[in-house]
Amino acid sequence: RDILDQPDQLLNSIDYNFGEGSAQMKTAAGLVRRADHVYISAIGASWNAGVALQATLNETGVQAELCDAADFLHFTHILPDSAVIFLSRSGKSIEIVNALPKCRAAKASVVSITNDNESALARGSDACILMGVRFDNSISVSTYSSIILNGNILARCIADHKLDNSMVEELTCSIIQVRQRISQCKDMTEGSGWRGKKPY
């Protein structure tokens, strides 16, 4: 259900961050653009989403350092004029919440990508990009890909100095194509007979 629902959830996320959430996206882009040093900090599946965000930022000319949240909390020295991008589905990961005072002490700007606007992370951020998706029933599916989606929108916004409507069209078209492919894959799998009664 999480997989089948993913395209619609990502479309909802796009609608939100190009509409009601666009001001926060632009604010976040400005904070990162003005920073001399950029850190991305996350843990678990969100750290893996950070790999994609780091690659996209680097492509656009923003050199970013990706840190595991525990390493960032205990070992990373935050340089002056920094921006820290925290990635957390719940916004409640203890390592990230505990790192917020460290960012404040270093006078670093805090940007978050999270799915809970009432979380400690969202409330402690200078700009919070809300994913706007339903939390998954099982493992991270829509929430994980939504971090990557919104991270890449942020990177494009940093590079282009705006939210470009052509990006909405491109992303929407891509996600609709994915929705069709998921449906085709499901039909092929169910019609193949490979999921029989015997163990596999």
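In table form, for the structure just shown:
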| item | result |
| --- | --- |
| 14 Å tail of the calculated P(r), the range 58-118, as % of Cα pairs | 58 |
| Projected-area average for the chain over all orientations - Cα convex hull basis, square nanometres | 12.3 |
| Of the DSSP H helices in the chain, those whose Cα atoms cover at least 15 Å axially and whose Kyte score averages -0.5 or more | 22-34, 45-59, 94-105, 142-160, 165-192 |
| Inter-label distance for ILE182 and ALA70, nm, one decimal - labels placed 7 Å from Cα along Cα-to-Cβ | 3.2 |
| Value of [θ]222 nm, deg cm²/dmol, for the chain, DSSP H segments ≥ 4, -39500 (n - 2.57) each, nearest 500 | -18500 deg cm²/dmol |
| Where only alpha carbons of the range 11-83 are counted, the Rg and the Dmax (Å) | 13.5, 38 |
| Peptides ranked, highest mean first, by Cβ atoms within 10 Å: ranges 176-188, 107-119 | 107-119, 176-188 |
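Laboratory data are not the source of any read-out in this text; all were calculated from the coordinates shown. Please read all numbers here as calculations on a predicted model, not as lab measurements. Note that we place each Cβ from the backbone using ideal geometry, even for glycine, and neighbour counts take in every protein chain shown.
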